[in-house]
Amino acid sequence: MKKYISLIKACFTSEMSLFIINNKNKNKKQSKAVPIFIYCLIMLCFFAYANMFIDPLKQSNLAFIVLSLFVFLTAILTLIEGIYKTGSLLFNCKDDDLLLSLPIKRSTVLFVRIFKFYIFELLYNTVFMLPVIVAYAIRVDVDWTFYLTSFFMILLLPVIPIVISCIIGVITSGLSSRFKYKNLVQIIITTIFFVGLMYVSLNLQDIIKRLTENASSLNEIITKIYYPAGAFVNLVTDFKVVDLLIFIGINVGLFALIVFLISKIYFKINSRTKSISVVYKKDYKVKTNSVMNALIKKEWKRFTNSPVFITNAGLGLVLYLIMCILVAVNFDMFSGLIASQGFKITEAEVVKYIPIVSVALIAGGSFLTSITSSMISLEGKSFNILKSLPVSTSKLILAKVLSAVLVMLPFIFIGNAILFIKYDFTILQMLLVLAVSVILPLISELIGIIMNLKYPKMDAESDAEVVKQSTSATISVFVGMGLLGLTLYGLFKFLKMYGTDMTLLIITGIYAVILGLLLLYMKNKSVEEFNSINV
Amino acid sequence: MIEIKNVSKSYGGKTKALNNINFTVNDGEVFGFIGHNGAGKTTLIKSIVGIHDFDEGEILINGKSIKTDTLECKKEMAYVPDNPELYENMKAIDYIDFICDMYEVSEEVREKNIKKYAKMFEIEDKLNSPISSFSHGMKQKVALISALAHDPKVLIMDEPFVGLDPKAVFDVKEVMQEMLKEGKIVFFSTHILDVAEKLCSRVAIIKKGELVKVGTMKEVKGDKSLEKVFLDLEA
């Protein structure tokens with residue numbers, strides 16, 4: 001048992017740095033303030049949302065629906081997160097050679113990997129669920145059984161999404177490991193799973209309808225859709241020790257079963273994912289590039305070599321394109337959305353606002369895509385190569401930002417082209433939308449790189465740890481969401497006051513100023529931070 | 001010429017990794033830097049090549065300060081790390097090309113040098129392979145080729161012989177001699193004392209961040225073997 005504890009401790013040492021306050025190091029203590037502040041802000045938001053829902057439901061004694069709703073939503077978020085990172089978290093990790101050479105069972109190595117994944121998701125889920133539980137406890141009269149049930153609910157909430165993610169991760173990695181172009185196949189299979197999940201989500205109404213045909217109560221409906229949510233509500237409304245034990249047993253049993261089953265094929269798949277053959281070919285060709293081109297190419301090679309990196313970045317951009325197509329094709333849905341915002345307008349007037357919608361979509365696509373937030377961390381130990389090069393630090397940082405923006409621009413320009421062709425934009429509107437199309441991705445990627453330089457994670461065991469679980473990636477996503485919210489708010493406010501063209505001008509102006517400030521910050525503070533990273 | 005003047009560095013304000021280091025490496029010298037594990041060799045090497053900052057003192061590369069003229073200094077140097085953590089996702093030839101691009105090496109020069117050193121290290125037929133498929137020794141060879149491809153005036157290597165096969169060790173020694181003839185500087189750290197004894201015109205021995213001996217091979221070891229001197233100092 002002692003060696004298993006040592007193993008878990010060793011694997012978690014670098015992960016837990018955020019939660020250890022080191023009084024001796026003032027700078028590190030300061031650097032933790034931002035993530036802690038952001039997590040607190042998110043928790044406050046969720047507390048407010050929960051209160052908003054509880055109040056009206058409480059009058060009809062249905063406040064518990066809030067609990068099942070949030071459990072369900074958190075589980076869906078965890079599943080979406082897990083689908084494209086599990087393969088990278090379980091297989092081909094940097095510490096494989098060390099762990100697999102130790103006198104421990106292969107299933108123990110797998111357990112440690114899944115357990116690490118579980119702990120991260122537990123913390124992630126707690127940020128969403130804890131405020132809801134606190135809000136419920138304050139607004140509704142609860143006894144000790146509620147706290148006991150909630151404690152176990154928070155502990156067990158990540159289990160089922162993790163189990164499903166692990167199954168998908170094993171299928172994805174197992175299949176792709178048989179091919180020469182493993183990464184490409186992994187991206188395709190992950191995308192298929194993801195599209196499948198999106199399809200199920202979009203058709204959830206039909207599925208719920210079918211499920212509820214024979215259901216006699218709301219709680220029964222929830223139980224049929226997602227067992228833990230239903231079980232939680234059952235325990236909160238009618239606590240029985242036996243039910244709690246069954247609930248714990250099912251989750252723990254599932255976790256143990258998945259570790260047991262995957263361990264049977266884990267080593268085989270893991271070995272196959274590592275197999276890369278040496279190419280014997282006498283002919284090689286040297287190619288000369290400018291410094292900036294070579295740096296951008298290097299970043300692109302890193303990007304295209306990491307399935308989790310591509311799928312993570314691609315999600316926001318693909319959603320952006322889908323939204324552009326929907327706005328172009330499904331005009332009724334779109335005009336309904338505009339009307340729901342309190343604009344009493346005719347169809348002809350709605351078309352006038354398309355440039356604003358276009359900017360809102362670009363903001364969504366840009367701010368929900370942060371490629372640079374993991375680019376420094378992904379350098380890992382090879383970071384010293386960059387530091388030894390005769391190239392200025394600001395150029396090295398800028399190359400990372402530009403390479404990320406170049407990934408985003410084709411998507412954004414295609415989206416623009418769709419809307420430009422479908423609707424009538426004036427020359428000024430086109431120019432302003434194009435300006436925003438360049439400025440917003442630059443802002444988003446500058447924020448990403450600034451965050452990654454503030455919170456680098458140079459010792460990650462896998463790409464997924466950096467891309468999906470690092471402080472910089474998490475903060476960048478939430479900062480992006482905040483900026484998106486502010487942009488949408490600003491767009492609607494300015495639109496009501498000044499009309500389309502003026503709103504475009506104001507928004508472009510504001511973001512140009514923000515971009516200037518970020519560039520200035522990057523050239524000074526971020527350069528310092530880059531130089532101070534020691535690997 | 002490399003001039004290291006009163007260089008000190010500490011980690012976390014407490015542990016002195018380097019304490020008032022002073023020595024000079026002249027043009028046309030193969031200089032060996034010797035010390036046990038954790039003595040401060042890599043810290044000093046990383047400070048010379050501009051990867052790490054240092055708290056006090058000055059390091060000059062051909063008269064230019066690594067602190068203020070960083071890029072100019074880096075252009076004159078090539079660095080081979082102790083553990084070649086290269087870009088695993090790249091093919092070997094792409095990595096060497098990338099480094100050459102950074103040093104703005106012309107196509108003719110890089111073609112000539114890559115051909116020469118790839119043939120010397122016998123990896124010509126593997127340059128199209130991804131670095132992730134390479135062994136430690138092969139990665140070290142790629143790191144060496146990319147360092148030599150831009151004709152550096154100063155070659156700095158941290159434990160260059162670790163992981164290399166005997167033929168490659170011999171070839172690295174040949175490269176060192178060649179650079180010596182061209183009046184260039186080769187500065188390297190090593191644990192292999194007989195290699196240092198045979199190759200170096202001068203050596204420095206570092207212990208717990210302090211320079212304990214520096215000079216020509218004769219000045220440092222006298223009539224004893226370098227191994228004996230080193231072990232006596234460590235005792």
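Does A:Tyr489 meet the test of being free of Cβ contacts under 8 Å to residues at least 60 places away in the same chain and either surrounded by 14 or more Cβ atoms within 10 Å (Cβ to Cβ) or part of a helix (DSSP H, G or I) (or both)?
Answer is yes for this residue.
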Report summary line: Restricting region A:250-281 to residues that are more than 7 Å from chain B (Cβ to nearest Cβ) and among the aromatic types (Phe, Trp, Tyr), the one surrounded by the fewest Cβ atoms within 10 Å (Cβ to Cβ) turns out to be A:Phe260
Query raised in the report: In the list B:Glu182, B:Glu219, B:Glu210, which residue meets the criterion of being away from chain A (no Cβ under 14 Å), more than 14 Å from the chain's Cα centre (by Cα) and modelled with pLDDT under 90?
Result: B:Glu219
Report task. Working carefully through the options B:Leu60, B:Leu71, B:Leu127, find the one that is buried (at least 16 other Cβ atoms within 10 Å of the Cβ) and within 19 Å of the chain's Cα centre (by Cα). Result -> B:Leu60
Report task. Could you grab me the full set of residues in region B:67-77 that are facing chain A (nearest Cβ under 7 Å) and of a type in the set (D, E, K, R)? Result -> B:Lys74, B:Lys75
Requested in this report: Could you tell me which numbered condition A:Ser394 fails, if it satisfies all but one of (1) modelled with pLDDT of 90 or more; (2) farther than 30 Å from B:Leu148 by Cα?
Outcome: (2)
Requested in this report: Search region A:72-96 for residues being buried (at least 23 other Cβ atoms within 10 Å of the Cβ), touching a Cys at 6+ places or on another chain (Cβ under 9 Å) and not aliphatic (A, V, I, L, M), and hand back the single one that is nearest to A:Ala464 (Cα to Cα).
Outcome: A:Thr86
Report summary line: Of (1) free of Cβ contacts under 8 Å to residues at least 12 places away in the same chain; (2) of a type in the set (Asp, Glu); (3) not in a helix (DSSP H, G or I), B:Glu72 satisfies every one except (3)
Query raised in the report: Does A:Phe383 fit the bill of being surrounded by 22 or more Cβ atoms within 10 Å (Cβ to Cβ) and either closer than 29 Å to B:Val80 by Cβ or modelled with pLDDT under 95 (or both)?
Result: no
Query raised in the report: In the list A:Lys281, A:Lys268, A:Lys264, which residue meets the criterion of being of a type in the set (Lys, Arg) and more than 17 Å from A:Ile167 (Cβ to Cβ)?
Result: A:Lys281
**Report entry** region A:131-144, residues that are in a helix (DSSP H, G or I), in contact with a Phe, Trp or Tyr (Cβ under 8 Å, 6 or more places away or on another chain) and surrounded by fewer than 17 Cβ atoms within 10 Å (Cβ to Cβ)
**Finding:** A:Val134, A:Ala137
Report task. Need at least 2 residues that are in contact with a Phe, Trp or Tyr (Cβ under 9 Å, 6 or more places away or on another chain) and within 14 Å of chain B (Cβ to nearest Cβ) per element, so show me which helices (runs of 4 or more DSSP H) inside region A:375-458 make the cut, counting only ones lying wholly within it. Result -> A:383-388, A:393-422
Query raised in the report: Can you name the residue in region A:214-258 that is part of a helix (DSSP H, G or I) and among the charged types (D, E, K, R) and is also modelled with the highest pLDDT among such residues?
Result: A:Asp243
Report task. May I ask you to list the residues in region B:92-125 that are more than 9 Å from chain A (Cβ to nearest Cβ) and not in a helix (DSSP H, G or I)? Result -> B:Phe121, B:Glu122, B:Ile123
Query raised in the report: What are the residues in region A:289-298 that are in a loop (DSSP other than H, G, I, E, B) and under 16 Å from B:Lys91 (Cβ atoms), if any?
Result: A:Asn289
Report task. Please state which one of A:Glu529, A:Glu465 is buried (at least 16 other Cβ atoms within 10 Å of the Cβ) and either within 14 Å of chain B (Cβ to nearest Cβ) or outside any helix (DSSP H, G or I) (or both). Result -> A:Glu529
Query raised in the report: Between a first residue in region A:414-433 that is without any contact (Cβ under 8 Å) to a residue 40 or more places away in the chain and a second residue that is surrounded by fewer than 16 Cβ atoms within 10 Å (Cβ to Cβ), which pairs have beta carbons less than 7 Å apart while being 6 or more apart in sequence or on different chains?
Result: A:Phe420/A:Met430
Report task. Inspect all residues belonging to region A:299-321 and state whether any of them is surrounded by fewer than 18 Cβ atoms within 10 Å (Cβ to Cβ), among the aromatic types (Phe, Trp, Tyr) and without any contact (Cβ under 8 Å) to a residue 24 or more places away in the chain. Result -> no
**Report entry** Residues satisfying the stated conditions in region A:253-267, i.e. more than 14 Å from A:Gly174 (Cβ to Cβ) and among the small types (Gly, Ala, Ser)
**Finding:** A:Gly253, A:Ala256
Query - Matching residues, region B:78-91, being facing chain A (nearest Cβ under 7 Å) and outside any loop (DSSP other than H, G, I, E, B) - result: B:Tyr79
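Is it the case that region A:68-90 has a residue that's over 21 Å from the mean Cα position of the chain (by Cα), more than 27 Å from B:Ser132 (Cα to Cα) and in contact (Cβ under 8 Å) with a residue 40 or more places away in the chain?
Within region A:68-90, the subset over 21 Å from the mean Cα position of the chain (by Cα) is A:68.
Narrowing the set further to residues that are more than 27 Å from B:Ser132 (Cα to Cα) leaves A:68.
With in contact (Cβ under 8 Å) with a residue 40 or more places away in the chain added as a condition, the list becomes A:68.
Yes, some residue in region A:68-90 is over 21 Å from the mean Cα position of the chain (by Cα), more than 27 Å from B:Ser132 (Cα to Cα) and in contact (Cβ under 8 Å) with a residue 40 or more places away in the chain.
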Requested in this report: Exactly one condition in (1) out of contact with any Gly (no Cβ under 8 Å at 6 or more places or on another chain); (2) part of a loop (DSSP other than H, G, I, E, B); (3) not polar (S, T, N, Q) is not met by B:Leu60; state its number.
Outcome: (2)
**Report entry** Criterion (more than 9 Å from chain A (Cβ to nearest Cβ), farther than 30 Å from B:Asn128 by Cβ and without any contact (Cβ under 8 Å) to a residue 40 or more places away in the chain) met by exactly one of B:Lys64, B:Lys41
**Finding:** B:Lys64
Query raised in the report: How many residues does region A:288-298 contain that are touching a residue at least 24 places away in the same chain (Cβ under 8 Å), within 8 Å of another protein chain (Cβ to nearest Cβ) and surrounded by fewer than 18 Cβ atoms within 10 Å (Cβ to Cβ)?
Result: 0
**Report entry** The one condition in (1) touching a residue at least 24 places away in the same chain (Cβ under 8 Å); (2) within 14 Å of chain B (Cβ to nearest Cβ); (3) among the aromatic types (Phe, Trp, Tyr) that A:Tyr284 fails to fulfil
**Finding:** (1)
Query raised in the report: So which of A:Ser176, A:Ser165 is in contact with a Gly (Cβ under 6 Å, 6 or more places away or on another chain), assigned by TED's automatic domain parsing to the domain that holds A:Phe37 and polar (S, T, N, Q)?
Result: A:Ser165
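The values are calculated or read from the model by the stated rules, or taken from the named source; none is laboratory data. Source: prediction; values computed, not measured. No Cβ is skipped: glycine too gets one built from the backbone with ideal geometry, and neighbour counts run over all protein chains shown.
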